[in-house]
């Protein structure tokens, strides 16, 4: 299993400092840092995923639990969209993937608060990065939203870049949330309470 490159600085520093402290006789402090380093190794894991085939499928951009489904929502693709909210705990994979293939039509970052990611207010008030992917006349958007612990959103693509469905596009460091906006008429394949996996779980079928 791969490790996201953004995690290596945390892993290396914690393990090296932990080993140094242990060698100096500070076994407890060294052990704590080593444990945190191993946890970061687990947290930043980046497993391969089998991408489902089907041009009209919208894939989950993140691992986690569906905590909200709202019909007729206003958002980055206009009124009438369906909004799905996915909560990522610190035990979920935090690598984000593109929900559809196409081109990056919009990237908009907003600084903000750090409310708990399961709070509905987080969608509006927390630090977030909004991305719109367009394929012909179809537009799907997702928001990378920081949580109570998360303090860093990573997005690797730029405006007008091409992207493949299920391709790795970013990362949210530590507990967080991702909101997905689907065009009106999309047929949902998940419901509130379902667990989803980024790049392999189908959220919906496009109209």
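Within the option set 90, 77, being at pLDDT below 90, in the same structural domain as residue 170 (by TED's automatic domain parsing) and surrounded by 14 or more Cβ atoms within 10 Å (Cβ to Cβ) holds for one residue only, 90. Every condition in (1) in contact with a helix residue (DSSP H, G or I) (Cβ under 9 Å, 6 or more places away or on another chain); (2) buried (at least 18 other Cβ atoms within 10 Å of the Cβ); (3) at pLDDT 90 or above holds for residue 17 except the one numbered (2). Mind counting the residues in the stretch 179-193 that are surrounded by fewer than 17 Cβ atoms within 10 Å (Cβ to Cβ) and either assigned to a loop (DSSP other than H, G, I, E, B) or modelled with pLDDT under 95 (or both)? The number of residues fulfilling the criteria is 6.
Going through (1) in contact with a strand residue (DSSP E or B) (Cβ under 7 Å, 6 or more places away or on another chain); (2) crowded, with 18+ Cβ neighbours inside 10 Å; (3) at pLDDT below 90 one by one, residue 174 falls short only on (1).
The values are calculated or read from the model by the stated rules, or taken from the named source; none is laboratory data. Computed from a predicted structure; not experimentally measured. Here the Cβ is made from the backbone with ideal geometry for all residues, glycine too, and neighbour counts use every protein chain on show.
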